[in-house]
Amino acid sequence: MPRQRSWYLGDKEYRSGFERMVAEDLIAKDIPILYETDSWKYTIKEPGTECPECGIKPCQKTRSYTPDFHLPNGIIIEVKGRFTAADRKKHQAMRLQHPDLDIRMLFKTNNWITKAHKQRYGDWCDKNNIPWAVGKVIPEEWIHEK
């Protein structure tokens, strides 16, 4: 799907203005930017699909996850304005299949996941043991954590 807008900082293109804002802060703090540099494979069941090879439902598919930022200390930061159901499924799968990775979420706001207002983004992260923060910049303690 083509992107409607581009957010550039120098010669780098970011997928959102929020990602660009985070990158600007890292530059201001003289922290090297490692943006979308690595990927990991994960598998996920896709409801309503049938495997073309064996006919089993639901089909289990292999996907690739490329996180937004890597800090020099090894912490991986995923920057999210919206945290969709597909994002949540992906992060559950990554947490289970790659427990050695330290993936943390930075949300622009701690919005409600559903219209029923029963769970916020942070509540979901707490339930799934994923560190998270809200703000326009990566928390200092994450940047300096060893």
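The values are calculated or read from the model by the stated rules, or taken from the named source; none is laboratory data. Just so we're clear, the structure is a prediction, and the values are computed from it rather than from any experiment. Positions of Cβ are backbone-derived with ideal geometry, glycine not excepted, and every protein chain shown enters the neighbour counts. What goes into the accessible areas is simple: the full protein's heavy atoms, side chains included, and nothing from ligands, DNA or RNA. Shrake-Rupley method; radii C 1.70, N 1.55, O 1.52, S 1.80 Å.
With the whole protein complex present, residue 62 retains an accessible surface near 90 Å², based on a 1.4 Å probe. Stretching the chain fully between residue 64 and residue 118 yields a gain of 16.4 nm (0.36 nm per residue, less the alpha carbon separation). In this structure, the amide hydrogen of residue 111, modeled 1.01 Å from its nitrogen in the peptide plane, lies closer than 5 angstrom to those of 121, counting only residues at least 5 positions away or on a different chain.
Between residue 46 and residue 134, the modelled labels are 3.4 nm apart [label points 7 Å from Cα along Cα→Cβ]. Using a probe of 1.4 angstrom and keeping all protein chains present, the accessible surface of segment 11-146 works out to 59 square angstrom per residue.
Sequentially through segment 27-40, phi angles give Karplus couplings (6.51, -1.76, 1.60; θ = phi - 60°) of 4, 4, 8, 6, 9, x, 8, 10, 10, 6, 9, 10, 9, 10 Hz, Gly and Pro residues having no value and appearing as x.
Inter-label distance, residue 86 to residue 28: 3.2 nm, where each label sits 7 Å from its Cα along the C-beta direction.
Probe radius 1.4 Å, ligands and nucleic acids ignored: give me the carbon and sulfur share of the accessible area of segment 60-133 as a rounded percent. Here it works out to 47 percent. Listed peptides 64-74, 103-113 appear in the order 103-113, 64-74 once ranked by packing, highest mean of other Cβ atoms within 10 Å at the front. Ordered by 1.4 Å accessible area with all protein chains kept, 115, 89, 80, 41 run largest first as 115, 41, 89, 80.
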